[in-house]
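Participant: Structure provided below as structure tokens; questions to follow.
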Amino acid sequence: MRYFFETYGCQMNKAESAALELILAERGWESTIQPETADMVIINTCSVRLTAENRAWGRIAHYAALKRQHSFILVVTGCMAERLKKKMLEKQPQIDYVLGNFQKQAFALVVDAAADGRIIPDIEESPQFTFAASHYEKGAFKAFVPIMHGCNNFCSYCIVPYVRGREISRNPLAILLEILQMAEQGVREVELLGQNVNSYNWLDGISIPADYPLDNPLAAKAQVQLVALLDCGAMDFPSLLAWLAEILGGSSIGRIRFVSSHPKDLSERTIDVLAKYPIFARHIHLCVQHGSNRILQAMNRKYTVEKYLELVNALRKKIPEITLSTDILIGFPGETEEDVQATLQLLETVRFAYAYMYYFNPREGTPAAEMDTQLSMVDKKQRLARIISVQRAISQTVMQERVGQTVQILAEGLSRKSSSELLGRTEQDMMVVCKGDSSLIGSFINVKLETLRGTTFKARLVED
Ligand code: SF4
């Protein structure tokens with residue numbers, strides 16, 4: 001049996017697609033790059049922007065047409081499936097399954113039924129993480145590890161709480177076990193994922209499945225430590241980070257990152273843990289979204305620019321080598337030229353290494369979409385262009401200052417331009433290419449940054 005997979009959207013979707021592909025692989029299914037030869041086509045969709053949904057509608061229509069020539073099971077999953085379940089089936093009856101975010105747990109049943117030539121009429125919802133879930137992608141040296149799902153924040157422009165539900169934290173032992181297994185499979189860097197990782201909070205005590213590998217010394221040590229930790233109450237994000245750092249300091253995992261961080265929930269304790277353990281990358285993506293307190297309030301972000309700058313100062317004081325990146329959302333309803341100036345000023349003050357910058361796009365069903373002070377598309381595009389131009393210049397300067405430094409990178413693969421060049425990232429999340437042998441792929445190597453071209457450094461290997 002063969003399957004064809006398409007994934008759109010965020011890292012969480014990518015991680016979840018990897019988990020679904022593992023379910024297929026465990027059952028002997030093979031991936032194909034030709035959908036016309038597949039027995040199952042799966043589309044993992046995104047709802048964050050209207051453009052992402054329109055694109056998915058196009059793909060669904062394409063596969064619905066293909067089904068008329070060649071029979072296969074068509075599965076649509078992800079946030080758009082969650083949001084538009086009924087409408088999707090009405091509009092495209094060729095879809096066999098619309099699996100919302102709370103029905104993905106049933107994917108194994110869907111695959112088994114497909115192998116038997118059956119269709120399951122009703123799929124139950126289940127918001128829980130599966131203990132043994134793995135999000136490993138074959139051959140990868142970097143992997144995403146979800147630690148929580150959902151969001152309680154309801155930023156006024158965002159669809160995520162409506163399609164991902166409320167925050168649910170994952171069992172810490174399940175997180176650790178997945179990372180240990182990934183380490184055995186060759187992974188060297190993990191990125192902990194959640195819509196709001198800073199509000200991770202495990203409250204459900206310790207539950208160990210019968211097949212937990214107590215014969216693995218690290219897993220056994222972790223379980224003993226966790227029992228002691230949970231005796232003192234819940235496990236929040238800084239406790240989780242400190243516990244993972246203590247255990248994984250003795251493993252082949254060399255670097256841990258995490259995303260997304262909401263400034264309202266980034267605590268002093270978390271900053272202290274990051275400063276204490278060198279296993280954490282010296283980079284944090286801290287979404288500020290805007291530089292005007294009036295707009296931050298209208299966005300329901302629950303922090304001020306002053307509070308954000310305090311966090312930036314605390315991070316830089318305790319971890320001087322850290323770099324910051326952010327998201328900027330410009331053109332929010334009611335935004336004035338003064339608000340744009342405040343955002344430009346914030347960029348100049350913080351000097352982010354890079355930023356993901358967007359103009360406001362109303363999402364049906366969110367409060368901001370109903371605001372009657374919407375800006376014209378021309379204004380939004382012009383303001384975004386100004387923001388991008390200023391941030392690009394800042395990024396160039398911030399990166400240029402690093403030329404001449406010797407840094408460590410994880411060699412992730414070969415550069416697309418040359419098979420004699422390695423591609424990697426610094427712990428500050430900056431891209432590097434350097435001449436090197438493919439045998440180094442998957443290792444941490446020291447390089448000297450020699451020049452900067454665009455947003456990529458050219459470097460040379462440095463002997464230890
Ligand atoms: S914190 Fe705000 S922007 Fe982020 S997922 Fe939650 S509601 Fe959306």
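Participant: Give the residue, chosen from SER31, SER17, SER47, that is of a type in the set (Ser, Thr, Tyr), touching a Ser or Thr at 6+ places or on another chain (Cβ under 7 Å) and not assigned by TED's automatic domain parsing to the domain that holds TYR359. So that I can check it myself, show each step before the final result.
Facilitator: Details: SER31 fails: touching a Ser or Thr at 6+ places or on another chain (Cβ under 7 Å); SER47 fails: touching a Ser or Thr at 6+ places or on another chain (Cβ under 7 Å).
Exactly one of SER31, SER17, SER47 is of a type in the set (Ser, Thr, Tyr), touching a Ser or Thr at 6+ places or on another chain (Cβ under 7 Å) and not assigned by TED's automatic domain parsing to the domain that holds TYR359, namely SER17.
Conditions tested, residue by residue: (1) in a loop (DSSP other than H, G, I, E, B); (2) surrounded by 21 or more Cβ atoms within 10 Å (Cβ to Cβ); (3) at pLDDT 85 or above; (4) in contact with a helix residue (DSSP H, G or I) (Cβ under 9 Å, 6 or more places away or on another chain).
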| position | (1), (2), (3), (4) |
| --- | --- |
| LEU89 | no, no, yes, no |
| PHE102 | yes, no, yes, yes |
| ALA108 | no, no, yes, yes |
| ALA114 | no, yes, yes, no |
| ILE120 | yes, no, yes, yes |
| PHE129 | yes, no, no, yes |
| ALA132 | yes, no, no, yes |
| GLU137 | yes, no, yes, yes |
| PHE154 | yes, no, yes, yes |
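Participant: Assess whether ALA368 counts as being assigned by TED's automatic domain parsing to the domain that holds HIS283 and crowded, with 19+ Cβ neighbours inside 10 Å.
Facilitator: Details: assigned by TED's automatic domain parsing to the domain that holds HIS283: yes; crowded, with 19+ Cβ neighbours inside 10 Å: yes.
In short, yes.
Participant: Might you check whether a residue that is touching a strand residue (DSSP E or B) at 6+ places or on another chain (Cβ under 7 Å) and acidic (Asp, Glu) occurs anywhere in segment 131-142?
Facilitator: yes
Participant: Scan segment 250-267 residue by residue and report those that are small (Gly, Ala, Ser) and within 11 Å of the ligand (Cβ to nearest atom).
Facilitator: Within segment 250-267, SER260, SER261 meet the criteria.
Participant: How about segment 145-177: which of its residues are more than 14 Å from the ligand (Cβ to nearest atom) and either of a type in the set (Val, Ile, Thr) or outside the structural domain of GLN195 (by TED's automatic domain parsing) (or both)?
Facilitator: Within segment 145-177, VAL145, ILE147, ILE175 meet the criteria.
Participant: For the structure I just gave you, tell me whether LEU66 is in a helix (DSSP H, G or I) and surrounded by 21 or more Cβ atoms within 10 Å (Cβ to Cβ).
Facilitator: no
Participant: Another question, then. Where the second residue is surrounded by 14 or more Cβ atoms within 10 Å (Cβ to Cβ) and at pLDDT below 95 and the first is on the phi > 0 side of the Ramachandran plot and lies in segment 347-371, which pairs have Cβ atoms under 7 Å and are six or more apart or on separate chains?
Facilitator: GLY365/ILE159; GLY365/TYR162
Participant: With the condition kept exactly as written, say whether any residue in segment 320-336 is touching a Gly at 6+ places or on another chain (Cβ under 7 Å) and either hydrophobic (A, V, I, L, M, F, W, C) or in the same structural domain as ALA369 (by TED's automatic domain parsing) (or both).
Facilitator: No: zero hits.
Participant: With modelled with pLDDT of 95 or more, away from the ligand (no atom under 14 Å from the Cβ), surrounded by 14 or more Cβ atoms within 10 Å (Cβ to Cβ) and of a type outside the set (Ser, Thr, Tyr) as the only criterion, which of VAL378, VAL340 stands out?
Facilitator: It is VAL340.
Participant: While we're here: Going through segment 297-348 one residue at a time, which ones are under 27 Å from LYS276 (Cα atoms) and touching a strand residue (DSSP E or B) at 6+ places or on another chain (Cβ under 9 Å)?
Facilitator: Hits for segment 297-348 are TYR308, LEU311, VAL312, LEU315, ARG316, ILE319, ILE322, THR323, LEU324, SER325, THR326, ASP327.
Participant: Suppose we keep only residues that are more than 16 Å from the ligand (Cβ to nearest atom) and not in a loop (DSSP other than H, G, I, E, B) within segment 291-304. Which one would you say is nearest to PHE444 (Cα to Cα)?
Facilitator: ASN293
Participant: Which residue, of SER267, SER260, is of a type outside the set (A, V, I, L, M) and within 29 Å of GLN185 (Cβ to Cβ)?
Facilitator: SER260
Participant: I need the full set of residues from segment 18-47 which are closer than 27 Å to VAL163 by Cβ, assigned to a loop (DSSP other than H, G, I, E, B) and free of Cβ contacts under 8 Å to residues at least 40 places away in the same chain, in order please.
Facilitator: Within segment 18-47, ALA38, CYS46 qualify.
Participant: Here's another thing I want to ask about it. Which pairs do you get when a residue that is in contact (Cβ under 8 Å) with a residue 24 or more places away in the chain, found in segment 246-275, comes within reach of a residue that is within 16 Å of the ligand (Cβ to nearest atom) and of a type in the set (Ser, Thr, Tyr), reach meaning Cβ atoms under 6 angstrom, with the pair 6+ apart or on two chains?
Facilitator: From residues that are in contact (Cβ under 8 Å) with a residue 24 or more places away in the chain, the pairs are PRO263/TYR303; PRO263/TYR308; LYS264/TYR303; ASP265/SER199.
Participant: Please state which one of ARG351, ARG383, ARG316 is closer than 25 Å to ASN196 by Cα and touching a helix residue (DSSP H, G or I) at 6+ places or on another chain (Cβ under 7 Å). Write out each step before concluding.
Facilitator: Details: ARG383 fails: closer than 25 Å to ASN196 by Cα; ARG316 fails: touching a helix residue (DSSP H, G or I) at 6+ places or on another chain (Cβ under 7 Å).
Just a single option satisfies the conditions, and that option is ARG351.
Participant: With respect to ARG416, is the statement that it is outside the structural domain of ILE284 (by TED's automatic domain parsing), within 24 Å of the chain's Cα centre (by Cα) and not hydrophobic (A, V, I, L, M, F, W, C) true?
Facilitator: For ARG416, the condition - outside the structural domain of ILE284 (by TED's automatic domain parsing), within 24 Å of the chain's Cα centre (by Cα) and not hydrophobic (A, V, I, L, M, F, W, C) - is met.
Participant: For GLN374, are the conditions met, namely being more than 19 Å from THR456 (Cα to Cα), in a loop (DSSP other than H, G, I, E, B) and either under 23 Å from the mean Cα position of the chain (by Cα) or of a type outside the set (Val, Ile, Thr) (or both)?
Facilitator: The answer is yes for GLN374.
To keep it simple, each residue is scored yes or no on (1) in contact with a Leu (Cβ under 9 Å, 6 or more places away or on another chain); (2) assigned to a loop (DSSP other than H, G, I, E, B).
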| site | (1), (2) |
| --- | --- |
| VAL398 | no, no |
| ARG402 | yes, yes |
| LEU410 | no, no |
| ARG416 | yes, yes |
| SER419 | no, yes |
| GLY424 | yes, no |
| CYS434 | yes, no |
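Participant: Then there's this: Before we move on, is ARG363 outside the structural domain of ALA52 (by TED's automatic domain parsing) and modelled with pLDDT under 95?
Facilitator: Yes.
The values are calculated or read from the model by the stated rules, or taken from the named source; none is laboratory data. Only a predicted model underlies this, so the values are computations on that prediction, with no experimental measurement involved. All Cβ positions, glycine included, derive from the backbone under ideal geometry; neighbour counts span all protein chains shown.
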